[in-house]
Amino acid sequence: MYNVLIIGGGGREHALAWKIKKSPKCGQLHIAPGNAGTLQFGQNLVIDVSDFKAVEAAAKEHAIDYIVVGPEKPLVDGIYDHFENHPNVKVIGPSAAAAQLEGSKSFANAFMDEFDIPTAGSLAVDQSTIQAGMDYIDAQKPPIVLKADGLAAGKGVLIIRDKAEAKTELQSMLDGKFGEASKTVVIEEFLDGIEFSVFVITDGKSYKMLPTAKDYKRIGEGDTGLNTGGMGAVSPVPFVDEALMHKVRSRIIEPTINGIRKRRYAYKGFIFFGLINVDGDPYVIEYNCRLGDPETEVILPRLDTDLVELFEHLYTEKLPTASVRFTPNTVATIMLVSGGYPGSYTKKLPILMPEKIEDSIVFHAGTAVEDGQLVTNGGRVLAVSSEGPDHQAALRTSLDTIRNISFAGMYYRKDIGFDL
Ligand code: AMP
Ligand code: GLY
């Protein structure tokens, strides 16, 4: 039996708690900070998760064996490295060096260059090389893609049709539009295609596939309006057939794992490949060094394998012989969000929903309990996941469940999977 601490407090972490608690190998479960949903499966801890000494003290107090890290920031900041030589605690995630695949776009591009992994052509510039950036923009066919090099909470990518405007934006990003994150900017060639994501679990030498997923980031139906953390997701992605998946494995996943091995990076966790299908050929849009949110809310319900056992395999060289099984059924999730999100919104609004929900799993994202009442506590509030023979059926079930859930200002997209 292992005691597990999950870091994070969104829908992804509720889904992790739900899945981990099912494992016969899971002892005590703790979540920091967690939400009202994770309380069903373990104890929420009030600690500052960016303070690794505080995490270490909590790990000691609760005799933690595994720390499962949901969000990217603690990984980029080195939580793996903090515990690397710890006698008892094992972190599920990459070392800070490997987390740069997500933490720095220019690092990721250099890595893909070195290991011949298909991605957009690009140039990284800073204030001292801005002229080369302007020339690069001139030489591109619009639209122009500008990316803050560092972590910018999903906001650091601009896609601009007009070259003059792109040049002005480049200057303003380098001047600190996204703070430190855009002191270096990556200018990229625009790739035209349909996006999808693949997930693997890796010990840094071998890997096992997890289900594919597609998320829907825009607030409005038909993928319109502002970007959000994600308004819904579907798994598997129907257009990812054997032929495309074969290319993904041989051109992208395997060279990535080989690159990690060759560079001797410690990596005991998940890789989330953000990909784009350009006329049947997959390209990398981005690497993430963790699971996605809301992708986790559709991937984990499909997984028939014990997740804690997989964590064990990462540290015992047993991953190559592990079998990872998932249901062929589709799972779709719909995010219920606060009115106004992704702009400003009100918190602490009472949520009404039935005690027992039979046909869907309702994962909590931004929720809390106040005086015994379940209330909203974030922009993304609940993720309603359902299973079905295809995404339309799964979606219908989620929409039925949502009819019995309400809070003031509640908004959601009814068209998740519309483009599939
Ligand atoms: P990222 O933060 O890197 O995932 O980028 C955010 C979004 O910008 C992606 O989900 C894509 O929709 C889009 N994007 C990023 N890079 C490119 C590119 N080179 N070509 C086309 N679209 C892109
Ligand atoms: N849903 C996208 C992400 O987790 O980055």
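Filtered by the rule that a residue be part of a strand (DSSP E or B), more than 14 Å from ligand 1 (Cβ to nearest atom) and surrounded by fewer than 24 Cβ atoms within 10 Å (Cβ to Cβ), the stretch 200-224 gives V200, T202, Y207, K208, M209, I219, G220. Whether any residue in the stretch 168-182 is assigned to a loop (DSSP other than H, G, I, E, B), within 19 Å of the chain's Cα centre (by Cα) and either closer than 30 Å to V69 by Cα or within 16 Å of ligand 2 (Cβ to nearest atom) (or both) is what I want to check. Within the stretch 168-182 (the criterion being assigned to a loop (DSSP other than H, G, I, E, B), within 19 Å of the chain's Cα centre (by Cα) and either closer than 30 Å to V69 by Cα or within 16 Å of ligand 2 (Cβ to nearest atom) (or both)), the answer is no, since none of the residues qualifies. Within the stretch 153-168, restricting attention to residues that are out of contact with any Gly (no Cβ under 8 Å at 6 or more places or on another chain) and closer than 18 Å to L226 by Cα, the residue that is surrounded by the most Cβ atoms within 10 Å (Cβ to Cβ) is L158.
So which residues in the stretch 153-190 are touching a Ser or Thr at 6+ places or on another chain (Cβ under 8 Å) and more than 17 Å from M134 (Cβ to Cβ), if there are any at all? Hits for the stretch 153-190 are G156, G176.
Restricting to the stretch 276-329, count the residues that are within 16 Å of ligand 1 (Cβ to nearest atom) and part of a loop (DSSP other than H, G, I, E, B). Walk me through how you get there before you give the answer.
Going through the stretch 276-329, the residues within 16 Å of ligand 1 (Cβ to nearest atom) turn out to be 276-279, 281-295.
Remaining after also requiring part of a loop (DSSP other than H, G, I, E, B): 279, 289-295.
Qualifying residue count, the stretch 276-329: 8.
Return a yes/no flag: does the stretch 284-303 have any residue that is over 29 Å from S398 (Cα atoms), out of contact with any strand residue (DSSP E or B) (no Cβ under 7 Å at 6 or more places or on another chain) and modelled with pLDDT of 95 or more. No: zero hits. Kindly check whether there is at least one residue in the stretch 225-238 that is free of Cβ contacts under 8 Å to residues at least 60 places away in the same chain and among the β-branched types (V, I, T). So far as the stretch 225-238 goes, no, none of its residues is free of Cβ contacts under 8 Å to residues at least 60 places away in the same chain and among the β-branched types (V, I, T). Taken together, the residues in the stretch 330-383 that are closer than 17 Å to R218 by Cβ and within 17 Å of the chain's Cα centre (by Cα) amount to 7. For the stretch 232-242, check the following and say yes or no: at least one residue is within 15 Å of ligand 1 (Cβ to nearest atom), charged (D, E, K, R) and surrounded by fewer than 14 Cβ atoms within 10 Å (Cβ to Cβ). No, that holds for no residue. Would you check if there is a residue in the stretch 384-395 being among the charged types (D, E, K, R), under 24 Å from P236 (Cβ atoms), more than 19 Å from the chain's Cα centre (by Cα) and assigned to a strand (DSSP E or B)? Yes, the stretch 384-395 has at least one match.
The values are calculated or read from the model by the stated rules, or taken from the named source; none is laboratory data. Every value quoted in this text rests on a predicted model; they were computed, and no experiment measured them. Reconstructed Cβ throughout: ideal geometry from the backbone, glycine too, with neighbour counts over all protein chains shown.
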